[in-house]
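First the structure, in the form of structure tokens, and then the observations on it.
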Amino acid sequence: MNQRYMKNFLCLLVLVLLTFNCFASDQGSSSSESKPFHKEDECAVQAYFFQAGNTPLFLSNEHGAEKSQVIAGVPLRKGIGVKKFNSKADWYTAEITLKVAQEYERLTGKKPYVLIANIHRSQIDFNRSAKLAYEHPSMKPCYDDFHGVVRSTVDEIRQRWAQGYLLDIHGQNKRPNYLIRGTYNGLTIKNLREKEGGDVYQKKLGLFGRLSGLGYQVMPQYPQRETIYRGGYVVKTYGSHRPDGIDAIQLEIGKYYRKDVSVRKQLIFDLANVLSTRMNAIFKE
Ligand SMILES: [Zn+2]
């Protein structure tokens, strides 16, 4: 009799221990699930570097992030059905964008607005519409963050100075020795064309005209039309052809001007100089 009680007691004890153990491990896994790495509607990293400015110059860069700047667990884009799909970074353009801003400030005492993407193009292309920019849903909040900043910066510049100058900085390898202008053939600089007419492209006034005057090879030469790299999503979305836009120019920097450190340094210096005279001519800034 006693033995039977003992046996039943031990069985019950084993059952209780097993149940408790299952419950405890269940609790463990559910508590780790309830603490995700980030919320679904939040970008897992700071999607961009931003500097607020005190002059109507806005320097942006979408493709400069390096290969190491990827979000763990997010698959790389495949680009199925995306025209001219490219998932490679524009080498050295984040550095160029930041240093041009620093050199500009050193020269003029004014801070341009600066926005530089922090996620590699293999996961997101900020210079595309949302539909074509990313494939994994966790990239949506990152995309929204980045373009939220472009929108609010353009709005702020319009509020403070009525107009502004957005230079969207990229790199290209097709014409390695050239700097290529993209404005959809003048569309995204509608305001400047109305103010300055054809002079907007000339040596004495225009950004590319001045760069050409310093010995840079530029494309297209005025009055030729833009045929390659005519402009991307950013200039098309925020350009002055829109009622809420500012003058926007895409600059595609050939590989030759980026890869060598001394050539790159000279480009940074020249771009900052040319931008300061350009801003002075337009805004007296
Ligand atoms: Zn690019």
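The values are calculated or read from the model by the stated rules, or taken from the named source; none is laboratory data. This is a predicted model, so every value here is computed, not measured. Here the Cβ positions follow ideal geometry from the backbone for every residue, glycine too, while neighbour counts run over all protein chains shown.
Tell me, please, whether a residue that is without any contact (Cβ under 8 Å) to a residue 24 or more places away in the chain and in a helix (DSSP H, G or I) can be found in the range 122-132. Step through it out loud before you land on a result.
Initial filter on the range 122-132 (without any contact (Cβ under 8 Å) to a residue 24 or more places away in the chain): 130-131.
Filter once more, so that each one left must be in a helix (DSSP H, G or I): 130-131.
Yes - at least one qualifying residue is present in the range 122-132.
Is it the case that A117 is in contact (Cβ under 8 Å) with a residue 40 or more places away in the chain, within 15 Å of the ligand (Cβ to nearest atom), in contact with a Phe, Trp or Tyr (Cβ under 8 Å, 6 or more places away or on another chain) and not β-branched (V, I, T)?
Values: in contact (Cβ under 8 Å) with a residue 40 or more places away in the chain: yes; within 15 Å of the ligand (Cβ to nearest atom): yes; in contact with a Phe, Trp or Tyr (Cβ under 8 Å, 6 or more places away or on another chain): yes; not β-branched (V, I, T): yes.
Taking the combined requirement at face value, the residue satisfies it.
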>> With the structure loaded, tell me whether Q69 is touching a His at 6+ places or on another chain (Cβ under 8 Å), buried (at least 22 other Cβ atoms within 10 Å of the Cβ) and farther than 23 Å from G239 by Cα or whether it fails that test.
In response: no
>> Among the residues in the range 58-70, are any of a type outside the set (D, E, K, R), within 20 Å of I249 (Cβ to Cβ) and away from the ligand (no atom under 16 Å from the Cβ)?
In response: yes
>> Would you confirm whether or not the range 265-278 contains a residue that is touching a residue at least 24 places away in the same chain (Cβ under 8 Å), more than 16 Å from L107 (Cβ to Cβ) and not polar (S, T, N, Q)?
In response: no
>> Could you check the range 147-204 and list, in sequence order, the residues that are closer than 16 Å to P243 by Cα, surrounded by 20 or more Cβ atoms within 10 Å (Cβ to Cβ) and in contact with a helix residue (DSSP H, G or I) (Cβ under 8 Å, 6 or more places away or on another chain)?
In response: V150, V154, G164, Y165, L166, T188, I189, L192
> All but one of (1) within 25 Å of I157 (Cα to Cα); (2) modelled with pLDDT under 95 hold for N54; which doesn't?
Replying inline: (2)
>> Residues that are free of Cβ contacts under 8 Å to residues at least 60 places away in the same chain, touching a strand residue (DSSP E or B) at 6+ places or on another chain (Cβ under 8 Å) and not in a helix (DSSP H, G or I): does the range 198-217 have at least one?
In response: yes
> How about the range 243-264: which of its residues are free of Cβ contacts under 8 Å to residues at least 12 places away in the same chain and in a helix (DSSP H, G or I)?
Replying inline: V261, S262, V263
> Given the structure, is R278 within 20 Å of H63 (Cβ to Cβ) and modelled with pLDDT of 95 or more?
Replying inline: no
